[in-house]
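Asks: Below is the structure I would like to discuss, written out as C-alpha cells.
The values are calculated or read from the model by the stated rules, or taken from the named source; none is laboratory data. Bear in mind the structure is a predicted one, so any value in this text is a computation, not a measurement. Ideal geometry is used to build each Cβ from the backbone, glycine not excepted, and the neighbour counts take in all protein chains shown.
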Amino acid sequence: MIARLRIATCLGLVASLMAPPAASAQVLGVSVTGTPQTLSNPPFSLGYAFDVTNPFLVQYLGYFDAGSNGLNQSHQIGLYDPSGTLLSTVTVGPGSGDVLIGGFRMAAVTPFLLAVGAGYHVLGTSSTNVDQLLFRATKTDAYGIQYVSGAYCAGAALQNSCGVNSDGYFGANFAGVVTPEPASVVLLATGLVGILGVVRRRRSSALSA
C-alpha cells in the first residue's frame, strides 16, 4: 500500500511539472519598478537585450502601461533570436482591452520556446511619446532570463537592436512560463523507476514464498 502511494506521488509530481501551467504562473521576462517618464524624440523602438539560461515558453508580448489603465496609442512588439530573426510580433493597444501583466499591457501570441542562448532582443515601437516609459528601473529577472542592457532603435518601423541603452528605458516586454528543469524531471523519473523496481521484487518474493 505504501509503495503504491509513493508511485502515485511520483506520478503526480511528474505530471505537475509537465502539465501546462495555470495563468497565475505567467511571469514577465524581466519585472521592473520605477518612475514613469516621457522620452523625447520619437518615433523609436525600445526594449532590452537578454540571454536565456533555461528554456522559457513565451505566451505574451506587450508594452509598458504607465497608469495600468490603458495605452494611448498602439505599439508593435517583436522578439528576435540571437541571429536577428523575428520570432514573433504582435500589436497592443490603444485602450485597456489587452491583459495587464506586471504593469505591461500584453497581447497573446502563439506560444514559442526560447532556447538557451545569448543575444535575444525584445523591442516595441512608439510613434509618439504619449505613453510614458520606465527609466532606470529596478529589475528582477525571471528564472532562466538574464537582462543584459537596454536596446534602442530610431525610426517608426520595428527593427532589431540598433544600439545599447545603458540607462534601461523599459517599453517592450514578454511574459510566459519557465519550462521544467530537465534535471528535476530526470530526478523524479529515476526515483519512480527505483520504486517500481522495489515493488516488483517484493511481488516476486511474495509469489515464490
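Asks: Taking the options Thr138, Thr85, Thr128, name whichever one is surrounded by fewer than 16 Cβ atoms within 10 Å (Cβ to Cβ), out of contact with any strand residue (DSSP E or B) (no Cβ under 7 Å at 6 or more places or on another chain), hydroxyl-bearing (Ser, Thr, Tyr) and over 17 Å from Val52 (Cα atoms).
Replies: Selected residue: Thr128, the only one of Thr138, Thr85, Thr128 that is surrounded by fewer than 16 Cβ atoms within 10 Å (Cβ to Cβ), out of contact with any strand residue (DSSP E or B) (no Cβ under 7 Å at 6 or more places or on another chain), hydroxyl-bearing (Ser, Thr, Tyr) and over 17 Å from Val52 (Cα atoms).
This table checks each residue for (1) among the basic types (Lys, Arg); (2) at pLDDT 55 or above.
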{"site": "Gly155", "(1), (2)": "no, yes"}
{"site": "Val164", "(1), (2)": "no, yes"}
{"site": "Gly176", "(1), (2)": "no, yes"}
{"site": "Thr179", "(1), (2)": "no, yes"}
{"site": "Val186", "(1), (2)": "no, no"}
{"site": "Arg200", "(1), (2)": "yes, yes"}
{"site": "Ser205", "(1), (2)": "no, yes"}
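Asks: When segment 142-163 is examined, which residues are found to be closer than 19 Å to Ser40 by Cβ and assigned to a strand (DSSP E or B)?
Replies: Gly150, Ala151, Tyr152, Cys153, Ala154, Gly163
Asks: Being farther than 22 Å from Tyr143 by Cα and free of Cβ contacts under 8 Å to residues at least 12 places away in the same chain narrows it down to one residue among Thr85, Thr91, Thr125; which is it?
Replies: Thr85
Asks: Determine, yes or no, whether Ile145 is closer than 15 Å to Val52 by Cβ, in contact with a strand residue (DSSP E or B) (Cβ under 7 Å, 6 or more places away or on another chain) and among the β-branched types (Val, Ile, Thr).
Replies: Taking the combined requirement at face value, the residue satisfies it.
Asks: Could we say that Val116 is within 20 Å of Leu28 (Cα to Cα), β-branched (Val, Ile, Thr) and touching a Pro at 6+ places or on another chain (Cβ under 9 Å) here?
Replies: yes
Asks: Which numbered condition in (1) surrounded by fewer than 22 Cβ atoms within 10 Å (Cβ to Cβ); (2) closer than 25 Å to Gly34 by Cα; (3) at pLDDT 95 or above is the only one that Ala118 fails?
Replies: In the conditions (1) surrounded by fewer than 22 Cβ atoms within 10 Å (Cβ to Cβ); (2) closer than 25 Å to Gly34 by Cα; (3) at pLDDT 95 or above, Ala118 misses (2) alone.
Asks: Another question, then. Can you pull out every residue in segment 93-105 that is part of a strand (DSSP E or B) and closer than 10 Å to Phe64 by Cα?
Replies: Result: Leu100, Ile101, Phe104, Arg105.
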